[in-house]
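Quick notes on the structure that follows.
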Amino acid sequence: MTDRIVEIDVTDWQAVPTRREWVDALEAGKVLYFPRLGFRLSEQEQGFLRPDIREPKTRNISLNVDGSIKGAVGDAGTQQALAAMVARFRTCADALVAGLLPSYGGALRSAPTSYRPMQVETRAQSWRADDKRLHVDAFPSRPTHGERILRVFTNVNPDGAPRVWRVGESFEAVAERFLPRAKPYSAWQAKVLNALHVTKSLRGEYDHLMLQLHDGMKADMAYQKSCDQMTMPFPPGTSWVCFSDQATHAVMSGQYMMEQTYHLKAGHEVDPASSPLQILSRMKGRPLAEPA
Ligand code: SIN
Ligand code: FE
């Protein structure tokens, strides 16, 4: 199980080399772990490490691609300084991804960057939104149509608290178990959800099945307890990267983390056959239905 984590000993965001074995590991759904790659905060920024910096109703503070900040309280000066902190993390994550994954190049696009000041252990959530349960990332409102979800995380906790994850079995193993139980895709249902603006675009069969895996895993408490898994504490001052739509993960505890999401166009992996889209297509024995 420990082979689900691959350690990379670099200390400089701007000087991350690439290696075929790391890219292969990432595309196999493993987590790349950088135990000596931290994100340093200034004294003023340390002051932002408090949960009430976040607007009460939002989950995270996020920096949009256009540079605007969302979800934070405080005067204009505070908001500006917060935006600068999150933007600096984005620059670090961009450099890491450019160094580590040069072949993705123009097929990669940035999503918003988040700063997560909430304590994980005390967060109350419905079972479906509960990331303390092992899952692969899949979002009900935002179909990806096979575009990948690549994420860079760093723990900035000032009190030594690790971000504790569980990392579960391979995507293939998850799909073998939960695909047979998945409800079949319904094109008319997808149309209704889109007309009601539940989804931002028409949900195709890929996104339907990914959600079925996400929900299937989270709803099955026996699976949560007994599946092959390991606990992985990420201490402050460390970073990690994974395809979160493929690496099965859960977060058990921790507070104060930075996160950058990227989307990789479908089929632009070094080995597209390793992607959830192609794994699910192979298991179904046909291409998945995408709305025209
Ligand atoms: C998740 O994607 O499940 C959340 C990860 C985290 O908050 O550490
Ligand atoms: Fe997740």
Original post:
Has the range 160-171 got any residue that is more than 30 Å from VAL270 (Cβ to Cβ) and within 19 Å of the chain's Cα centre (by Cα)?
Top reply: yes
Subject >> Scan of the range 251-275 for residues that are of a type outside the set (Phe, Trp, Tyr) and on the phi > 0 side of the Ramachandran plot, ordered by number >> reply: GLY254, GLY267
Subject >> Count of residues meeting criterion [touching an Asp or Glu at 6+ places or on another chain (Cβ under 8 Å) and either closer than 20 Å to THR91 by Cα or buried (at least 21 other Cβ atoms within 10 Å of the Cβ) (or both)] in the range 135-153 >> reply: 10
Original post:
Can you spot a residue in the range 179-201 that is surrounded by 16 or more Cβ atoms within 10 Å (Cβ to Cβ), touching a Pro at 6+ places or on another chain (Cβ under 6 Å), modelled with pLDDT of 95 or more and within 21 Å of GLY29 (Cα to Cα)?
Top reply: no
Subject >> Complete set of residues in the range 103-140 that are more than 15 Å from ligand 2 (Cβ to nearest atom), small (Gly, Ala, Ser) and at pLDDT 95 or above >> reply: SER103, ALA107, SER110
**OP:** Could you identify the single residue in SER126, SER110 that is over 17 Å from PRO276 (Cα atoms) and without any contact (Cβ under 8 Å) to a residue 12 or more places away in the chain?
**Re:** SER126
**OP:** Go through the range 179-211 and count every residue that is part of a loop (DSSP other than H, G, I, E, B) and not hydrophobic (A, V, I, L, M, F, W, C).
**Re:** 10
Original post:
So how many residues does the range 102-142 have that are touching a Ser or Thr at 6+ places or on another chain (Cβ under 7 Å) and more than 30 Å from GLN189 (Cα to Cα)?
Top reply: 5
Original post:
What is the number of the single condition among (1) closer than 30 Å to GLY67 by Cβ; (2) surrounded by 19 or more Cβ atoms within 10 Å (Cβ to Cβ); (3) within 16 Å of the chain's Cα centre (by Cα) that LYS265 does not meet?
Top reply: (2)
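The values are calculated or read from the model by the stated rules, or taken from the named source; none is laboratory data. Quick caveat, the model's predicted, so the values are computed rather than measured. Ideal geometry is used to build each Cβ from the backbone, glycine not excepted, and the neighbour counts take in all protein chains shown.
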